Every structure is written in C-alpha cells, then in structure tokens.
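To start, the structure under review is shown below, and the notes come after it.
The values are calculated or read from the model by the stated rules, or taken from the named source; none is laboratory data. These numbers were taken from a predicted model, which means no experiment stands behind them. Cβ atoms come from the backbone with ideal geometry, glycine included; neighbour counts cover every protein chain shown. The accessibility values were calculated without ligands, DNA or RNA, using every heavy atom of the protein model including side chains. Shrake-Rupley method; radii C 1.70, N 1.55, O 1.52, S 1.80 Å.
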Protein chains: 2
Amino acid sequence: MSLFDTHRPLLDAALAALSDRGHWTPFPELPSPKVYGEHAQAEGQAQVEALLGQDFPLTQPGELGRIAPERSPWGVPLGTRYPECEPQALLTAAQAAEPAWQAIGPRGRVGVLLEALLRIHRQSHAFAHAVMLTTGQGPMMAFQAAGPHSQDRALEAVAVAWQAMSTVPEAARWHKPQGKNPPLVMEKRFEIVGRGVALVIGCATFPTWNTFPGLFAALATGNPVIVKPHPQAILPAALAVRVLREVLAEQGLPPEVVQLAATERPEFTQALATDAAVASIDFTGGRAFGQWLAANARQARLYAELSGVNTVILESTDAYRAMLDNLAFSLCLYSGQMCTTPQNLFVPVSGIATDEGHKRFAELGADLAAAVRKITQHPKVGPVVLGALCAEATLARLDQARAWAEEGRARLLLDTEPLPHPDFPQARTRTPLLLALEAPDETLLRQECFGPISFLVAVPDAEHAAALAERLIRSEGALTLAGYTTDPAFEERLVRLSLRARVALSLNLTHSVYVNQAAAFSDFHGSGGNPAANASYAGLAFVADRFVVVQRRWHVQPEMSATQPAAGA
Amino acid sequence: MSLFDTHRPLLDAALAALSDRGHWTPFPELPSPKVYGEHAQAEGQAQVEALLGQDFPLTQPGELGRIAPERSPWGVPLGTRYPECEPQALLTAAQAAEPAWQAIGPRGRVGVLLEALLRIHRQSHAFAHAVMLTTGQGPMMAFQAAGPHSQDRALEAVAVAWQAMSTVPEAARWHKPQGKNPPLVMEKRFEIVGRGVALVIGCATFPTWNTFPGLFAALATGNPVIVKPHPQAILPAALAVRVLREVLAEQGLPPEVVQLAATERPEFTQALATDAAVASIDFTGGRAFGQWLAANARQARLYAELSGVNTVILESTDAYRAMLDNLAFSLCLYSGQMCTTPQNLFVPVSGIATDEGHKRFAELGADLAAAVRKITQHPKVGPVVLGALCAEATLARLDQARAWAEEGRARLLLDTEPLPHPDFPQARTRTPLLLALEAPDETLLRQECFGPISFLVAVPDAEHAAALAERLIRSEGALTLAGYTTDPAFEERLVRLSLRARVALSLNLTHSVYVNQAAAFSDFHGSGGNPAANASYAGLAFVADRFVVVQRRWHVQPEMSATQPAAGA
C-alpha cells in the first residue's frame, strides 16, 4: 500500500474537519503517558540531550563548517553543531531535487509528508524539549505548541494544499461538437508543478509552529524547501528536517528536497532570499526584515507574518473577575512573547459597567495588575506560564518602556521583575510590565513592544476606542482583537471594526480560551488582510499560488482512445 | 427568488464543467440568428452606432470633463465621449461602496454578477461591434472573442471564486472535550471580506476577454472595482460597466461598486495604481508598465499578463500540409496580435522528416510562407482572418523587422504588405512578415515582436531547440508552446520542457484547433509560472488571494443554543 493510501483516512478526516471547522485534532494536546507512551517524555528528552554539544547528524552539500549559535533563555548549555552551507550549493541541490519531487505528484508528496508528520508526532517530546530549551517556553506550553499544535498546523497545510490541487483533474477529454461534422476531440493532461525553490525563514519564539505551515504547504505543492531557522532556535527545525529527509530517502527520493540553512550570516540569508531560483519565501519575524524581503526579494512570492499591535477593547462586562483572569493569563502566557499577545487595551476614561458595579479606569488598571500578580506570584503556576525571555533585546525594550513611566508619558500599573525559577537559576525571566496611558499616545501605541509590555489606554469613550483601533490596526496590523461588551449595538460596532480592519475578533472571552490561541482546523491564524500578516494559516490563499498547472493537449480521433504521451519528470 | 437562486443552475453547471474540463459553454460561439435572435446583429450594431460621437451615458463622481481618445484601426470615425474622473474621487466612491457590496455576501454578489453576465450575453452583438471597431479584430473573431468567449471567462472567474469562497463555512460550533469537565464550546462566524479596491487595467487588443476575468473575480470576492480601459478600447469596457451598474442599482446597491476610469493621462493611472486603498491590480499589457507596477504599486497584489516569446518546435510530422495550414492560420489570425501567437519557430538546420519526405529548412520556410499566402490572398478569408492593426506602433515594428533582413541578420521568407479591405478602405492592415534566421540570434529571439512578425529559426538539432526554448521561455516568458513530432522520445522531451518552463504545450495541432486558442472551463490561459504571466485564467490562485476570511468567536454554554451577534456591514 502506498504511503498516500495508508494515510488517506487521516487526510480525509482533516478535510472533513476543515469544512466543518468544529474542534478536531488527531494529535492529543495533553502529554498523557497513556497516549504518548510510558517513557516517551524521558526518551524524547534524552534524544535531545544526546545532541547537545554534538554535531547534528546532517550531511548537506557545500558545508563550510559547523556552527553552534544557540543560547538557551534558561541559561543551560546547548552547543549542538549544525552544518553551515554555501547558499548556492543548497540552491543548486534543491533545484536538482525538484523534478523527482514533482514527478511523484500530489498523491506521492502528500503520502511522504503525512508519513513524516506522524513520525514527528511520535517524537513530540523531543520537539517539546528542543523548543523549551531554545525558546524559553515553559514545558507544558512547549509540548503543546511544538508538538500537537504544530503538527495540527502542518496537517492543515497539507490538507488545504490537497484541497487546492485536487480541484484540477489530471486528465480531460475535450469533445467539441461541430454541427454536422465530426466533433473536435482533444485529450488533455494537467500537471501540478511547484513554482520553484521555497525558502522558509523561521522565528526564535515558535520555531516549529510558525515554520511547519509554510514548510508543509510548499512541499505538498511540489516545491523543494530550504528551511532557514532563527540562529537561536535551530534544533527544532533540524529535527523536522531530519525526519523529512529520512522518509524521502526511504522512498528513493533525493533528501535535498528539504535542506537546513543554519547560519548567523545575514548575507547568506539575503543571498538565498534574492536568488532567482527562489520562488516563494515564508517569513515570520520583525517588520524591518519583512520589508527588506518585500523590497529586495521581488522575484519571490512572500508569505509574511510581521509585527502588529494586538488590541483589546473593554466597554462593559457581566463577568468582571473572569474577564480580568482571562486577560491576565493572556498577558502572562510565555511572558507576552506570542505574536497574538494583546498590547493595547482600550478603556473609556469614565470606566466600564460590570457585574460588580461601575469600575473606573484606575480601578480597572489596579484590578488587572492584581490579576496578573495572582498568576506571577503563584509559585507553581507563575514560572510555568511565564517561561523565560527568548531574546536579550526584550530586556532593553522593558527598560525603554519603564523609562516612559519615569518620563511621565505613562503610569506604572505593574512593574516588571525577574521571576526566579526553581530549576533554572540562570533563566532570563521578567514578569509583565503594565503601563497606563491617560490618553492615547499614538507614538507608543503604533509600535509593537514585543515581550511582556502592555498599555491600558484611557479613551474618551467606546466609540473612540473602536475608531482608534480600526485606524491603528489598518496601518500597523494586528493578529488579534478582543472585545468585552454586553451591549448588542457595541458588539455590532466591534464586528464592523473587525471586518474593516480585517482582524479576527474574540468576544467576551472569560473561560479557558484565550485571545492568544488559534486552534487549527477551526481558527484562521491571521486574516492576511492587515499589515500584521499577508497570509493566513491556512486558507486557500496560503497554498493556491505555490503551484501552477501546466497543461498539454493533442488531437485524438473521435473513435480513437487516447494515446497517453509519456509523462516527463 | 433571489438572483443567486435564479442563476444557481448556471453556476452549478460551470462548477461541474471545471471539475471535468471537457468542452462546455452556455454561450454559443456561432452568431446564429436562431440562438441570438433574428435581428440581434442589426440591433447590436445599431446600439453601438448610436453611441458614436455621443456622450456615453455614465455619471460618476469627480468628472473633470469628457474625452474621446478612440481611433478605429478600420479608419472609421468613433468619437464616443467618456467621463474623465478625478482618481481620488473614484477611489473614495469605491471605498464608500465597499461595505454594502461585502455585506450581501458571496451569494448576493454571485447572483448580481451572473444576472449582469446574462444581460451582457444578450448584448453580444453590441460587444462584438464595439470590439471590432476599436481593436481591428475581424467581425467573426470579434463576435467570438468579445462575446461568448469573454463571457465564458467571466463565468469561469465567478465559478472559481465561488469554489474558493465556499470552502469556508459561514458558521461553526467548536466543541472541545475537557475530560470529566464540561466541554469548552464556542460559536464562530467566518466572513469573506474583499481585500479592498481592485484596479483592472485593460489592453487595446482584447478589451473584454482580458478584462472580464479580473473584473468578475475581484467583484465576486467582495472588492469594488475601478476598470481602467486602454484609451483605444474604452467602449467595450464601458458597455460592461454600464450593465453591471444597472443591475447593482436595481438591487439597491451602490453603482460605485463598478466604475470606469477612462483617461489618457499616465499620471491618473499611476495615482490609481499606487493609492493605499488599491489592494489588487489586474494588468494586461507591455512588460515596461508591468514592471513599473510591480516596482511602484507594491501595496497591491498584481495579476499581470505581460509580453512573451511564444514558441513552436518542429521536429517531425506525419501531416505536413495540415501542420503548415494550422501554423499559417495561427500566424494570420488577427494579424498575429494575440498574446498567444507564435513568434519563434525552431527547426533543425538539417530539416525535418514528414509524410511528404524529408523537408530541408529552406523548403519548410518556403512552404510555410506559401501556406500563409494561401490565407492572405484568399479574397474572402484573408481580410476576415487578418483584421486590422490595432496600433500604429506595429507598423514601426514591422519596419524594424524588415530592416533586420536588409542588414543581413535575417532572411525575408515572406514580406508584409497592406491587404486592402473591401469595406474599410482606410483600414490599417499588414500581412504577416516571416523571417528566417540561419542561426539563433538571441537578441532577436528574446524580445516580443508584437504583431505579424515571426522567425523561422534554424537550430543544430531538435534537442538544441528544446534547450534553447526552455531557456528563453524561463527568462522571457511564453503563453504558448507548440510542438510537432512523431518521435515518442522527443515528445517526452517536450513535455519535460513544458513542465520546467511552466508553459502550456500543444502537441501536433493539425485540425481546427490552434495554439492561439484557449477554451474556458478546459484550458488554462497562461500557467502563471513564467514571465509572460504571473496568474492564470482561471485557477484557484487567480481568486483565492482576492479575499480574506475574518472570523469572530464567542463562548456559549454547552446546553445553550448560539446567540448570533448582529452581522455588521
């Protein structure tokens, strides 16, 4: 049985889930030993530990030497050594691998990818440990985000790609009546052909979750992929590349269909991005390099997730405590280092109506700070939820934000401080910094302050909040918008705002679903319609332009059966 | 009954045709009075004649005055006066119309568009006459290309857009089990939202066929459209805009969903193209302005069909006369002014094997020239097939090409000459110019020589032809590749070339299907994968990125039914 036939039930279930968009996953998000195996966690961790300080087993063309740039936010030594390869050698190898990858067609590719994905799934604990160590995510979050949730997004990308590719029949008989004359008959073939080499540039915080969609979508649609991980989070990408190459090799396919471009040299990344052979780039990261890519890598189609200013609008609530707890958790989770973490929280200056009576702006600020402290000061919960700060630069950003308070541009609602971790004394940690702005200071609100920094912003009224949010999101982008209101008319206003700013809206979240979270097969991550991202995980637009259809046609006699010309590779 | 329900059978038939890709059309291509009505042709022509020298009835914001830039290649007076409008006024009106157009949703929009399309169909003879007069197409070709074939492509675009939009459910109930605890339940809504104002820039030669796909695709997916026709072919676009606005108004929708930007001022077109409100641009035309758009209108997604070097490779044939006749017709049709007309015909220098024995390069050249002359010199067929030269500039291009022969860079196989038309003594006509190149002169072969100019090029052997064609098409683009061979191995080589150069391949065309022709619902026009075009009529990639999905979600209690928040506009 082919890999495609073997995994067809999984594909079909994913397609059904996509058309339904209810909750579905084949990859349980709880690391239960009953599901993942009695010793899975220990084995996964041991698998990763065995790679630390060692050469990562990967042989690629053009190797110039080995590099080990990863530094753990937890303060533990890593030191895995990856091959750094000459960009042109990787590109040449990718192009050489392309025809074989195209020749096996959509079925062949989807089979290979689902086989690899299930092997990745079985190594979920290894991925979790690698992501925890490199990104600073807490262990539970690392398991979910790097394991099942990343796998969900990969499967989703494959399923959507399959959906797009399968709208085109492989063959057709074109039979055009000619009145009393015999009909014109042509035989036609339609082949799905990838656009060329795909470059997938990962980020430091979610090295699999933000890499798998582009990686699997590009592969499924017939493109060889070069994965360029962030230098601080190579290991998770390398593990995935290894599994994919293993399955490729087993199937007699060139492993160069998937390659790893580990490097710290900007000129290498730029050379890859701007090469004529590179037809698409997936990029998750900062706006500056995103704009550089848009300006300089114009030969490639860019799928970019950049910075944004995620927004919350508080108008009223009938569940004040639950609202605060929900928001506080969103601010604390992974120390605000999610691309979906709220940054700008707008509140009418007069305060809001709640089930606990009217709450003034200052009161709400104090209550939100208290709700955050309840999490950070909980000895079991705090360190696990916050994790560590991925980048040194976030410390400087926190200092900058505290300086705004000192300068009187903002009022300190909750100061940031290290949160000592019992197991990792060297961990780089900081609790959320919460600043109040007595009026909307757009120079502050327009910039993404990546990390645990948020603004509680007094605005004249709720309508001002909506209008300002719309303007800011349209110009600066946002992946998430949350609204709290008990007023149907204002709810309608929020819906209108979300449609105009093209941003996903979460209304009155008070249970254990957070605005940060987007569940594959149900939630689109990013609309692709505002500056925070030009693509969405995973709609048709994320996959449809990664391939073209190349057709051929020839006459046949009406009475003849088709002669199939040999399929070229 | 809603317009959508009324036209649902037509939509369903189009969707079925697309999944089958056999021959299908609801719009008969022969202008039979039985189909189109006894007096349809006279009425259609009269409708157009009544507009000549008159103000075109169209009221739009920001009108600065009236312009009448059209000059007929047939030498007859036109003089219809169109409003020239201030770009910002059109953009503002388009944006104001956007929410209402989005609010009626995919069903509402598809209903409006199919109603308009059927009205356009009933005016096929008017469109044919307007296209004939403005473009120089012969009357039969004008009927087919401007009438049913354009309507096919419009319907195809609407159907593919519907296909893409309908992969997303409007609503979902997300029901996540929580072990022994009650499940988490969320209600979700998914709305299709256009990306913003769409600009559709038409060309002079096919003012409806190359405009309708972008126009109807952008509209169907929720975008207001500004149609910017070529100044030489405004009337056909204006007729379509008028019908669309008529249906919009009848449905209580703002007619500014569709606007006409007739202008000769490059700065107006540039202002439209680069405005932040413009989210997509469809452009058919020359490479220079296409590259300008790519470089300067970077806020917009560009769907471009540019120039290319369409190619024929002659290796062998078992139907020599039929091959020559087929090729000759392709070269003559509309005087080579189709984006699909072959330009570079490669032949092994030693000649080719045929059913009439071996044919040397020189012999084949003479025979092809004779086959062209057979068409041009036929008093009934010649003028009808050739039509007139759309642009004055084509005369200069012919002079340039003749100079190459005088300079000895090429050998004249067949000279170009005026072809007097019995009905239009002032028509700008020229028969095809055929040049032989004794070796591939890449500076000639790399440039598109738009119009009736082709090269018969001697190459060392067929493999050289394939390699050279691949290289040229990958760098300069092509919409069509035709191959003639009786050798299965070389056929396989051609298939491989077509896949690598991402160009549609027509094999051994000898009956009355021509390489120039691409039938909607079956043939993709352009692969979108080489420099001749970055998009294809009409695959999913042509529509999928014209809209985004904006979702909203909110908690519901497991036992509660969903409370639908008001749908905003």
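Determine, from the Cβ-Cβ distance of A:T59 and B:E442 and an R0 of 30 Å, the FRET efficiency 1/(1 + (r/R0)^6), rounded to the nearest 0.05.
On the way: r = 40 Å, r/R0 = 1.32.
Calculated value: 0.15.
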Segment A:311-507, accessible area per residue, ligands and nucleic acids excluded (1.4 Å, Å²): 36
Using Cα-Cα distances under 8 Å and only pairs 6 or more residues apart, what relative contact order does segment B:311-507 have, in percent? 29
Loop-resident trypsin sites (Lys or Arg not before Pro) in segment A:106-194 with no more than 15 other Cβ atoms inside 10 Å, DSSP not H/G/I/E/B, are A:K180
Cβ charges +1 (Lys, Arg) and -1 (Asp, Glu), total dipole of the protein assembly as shown, debye: 420
Reduction of at least 10 Å² in accessible surface, 1.4 Å probe, comparing all protein chains with the chain by itself, residues of segment B:537-554: B:L540, B:A541, B:A544, B:D545, B:V548, B:V549, B:V550, B:Q551, B:R552, B:R553, B:W554
What does DSSP give for the protein assembly as shown in terms of the percent of beta bridges that are antiparallel, rounded to the nearest 5? 40
Selection from B:Y484, B:P418, B:L435, by position along the positive dipole direction of segment B:311-507 (Cβ): B:P418
Projecting the Cα atoms of A:A89, B:Q557, A:H121 onto the charge dipole of the protein assembly as shown, where Lys and Arg contribute +1 and Asp and Glu -1 at Cβ, the residue farthest towards the positive end is B:Q557
Net charge around A:Y320, counting only other residues with Cβ within less than 12 Å of its Cβ (Lys, Arg = +1; Asp, Glu = -1)? -4
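Taking the Cα centre of segment A:311-507 as origin and charging only Cβ (+1 Lys, Arg; -1 Asp, Glu), how large is the dipole, in debye to the nearest 20? All intermediate terms of the calculation are to be shown ahead of the outcome.
Working: 19 positive and 25 negative charges, 86 e Å.
Result for segment A:311-507 is approximately 420 debye, rounded to the nearest 20.
Return the subset of A:K34/B:K176; B:K34/B:K228; A:K34/B:K180; A:K180/B:K34; A:K228/A:K380 for which the Cα-Cα distance in this structure is over 27 Å, preserving the input order. Provide the component values of the computation, followed by the final result.
On the way: A:K34/B:K176 19 Å; B:K34/B:K228 35 Å; A:K34/B:K180 16 Å; A:K180/B:K34 16 Å; A:K228/A:K380 36 Å.
Where the Cα-Cα span goes over 27 Å, the pairs concerned are B:K34/B:K228; A:K228/A:K380.
Between beta-carbons, use under 12 Å as the cut-off and find the net charge around A:T167, counting Lys and Arg +1, Asp and Glu -1.
Details: positive: B:R21; negative: A:E170, B:D20.
Taking every Cβ under 12 Å from that of A:T167, the sum is -1.
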Mind checking the angle between helix B:287-296 and chain B's longest principal axis? C-alpha axes, 0 to 90 degrees, to the nearest 10. 30
By DSSP, what percent of the beta bridges with both residues in chain B are antiparallel, rounded to the nearest 5? 40
Cross-link reach from B:K359 to aspartates and glutamates, straight Cα distance under 20 Å and at least 8 residues apart if same chain, gives B:E315, B:D318, B:D325, B:D367, B:E438, B:D461, B:E463, B:D487, B:E491
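In percent, what relative contact order does chain A have, based on Cα pairs under 8 Å that are 6 or more apart in sequence? Kindly include the intermediate steps, with their values, before the conclusion.
Values: 1249 pairs, mean separation 100.2, N = 569.
Computed over chain A, the figure is 18 percent.
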Charged-residue dipole, Cβ positions (Lys, Arg, Asp, Glu), chain A about Cα centre, Debye nearest 20: 1320
How much accessible surface area, in Å² rounded to 10, belongs to the heavy atoms of B:V200 with a 1.4 Å probe? 0
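Out of the DSSP beta bridges found with both residues in segment B:311-507, what percent are antiparallel (nearest 5)?
Working: 4 of 27 bridges.
If I count the DSSP bridges inside segment B:311-507, around 15 percent turn out antiparallel.
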Using a 1.4 Å probe on the heavy atoms of the protein chains only, list every residue of segment B:12-61 that has 40 Å² or more less accessible area in the complete assembly than in its chain alone. B:R21, B:H23
For segment A:427-505, which chymotrypsin sites (Phe, Trp or Tyr not before Pro) are in a loop by DSSP, counting at most 13 other Cβ atoms within 10 Å? none
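If you take every residue apart from B:A538 with its C-beta less than 15 Å away from the C-beta of B:A538, what net charge results, scoring Lys and Arg +1 and Asp and Glu -1?
Values: positive: B:R21, B:R153, B:R546; negative: A:D545, B:D152, B:E156, B:D282, B:E305, B:D523, B:D545.
The answer is -4.
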Kindly write out, for segment A:171-180 in residue order, the coupling ³J(HN,Hα) from the Karplus curve 6.51 cos²θ - 1.76 cosθ + 1.60 (θ = phi - 60°), rounded to whole Hz, with x marking Gly and Pro. 8, 8, 10, 9, 10, 9, x, 10, x, 7
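If you roll a 1.4 angstrom probe over the protein chains with everything in place, what fraction of the accessible area of the protein assembly as shown belongs to carbon and sulfur, to the nearest %?
Numbers: 20190 of 37930 Å².
It is 53 percent, rounded to a whole number.
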Trypsin sites (Lys or Arg not before Pro), restricted to segment B:326-391: which are DSSP loop and have at most 16 other Cβ atoms within 10 Å? B:R360, B:K380
Restricting to Cα pairs below 8 Å that are 6+ residues apart, what does the relative contact order work out to for segment B:399-544? Please round to a whole percent. 16
For the pair B and A, total buried accessible area rounded to nearest 100 Å², probe 1.4 Å: 6600
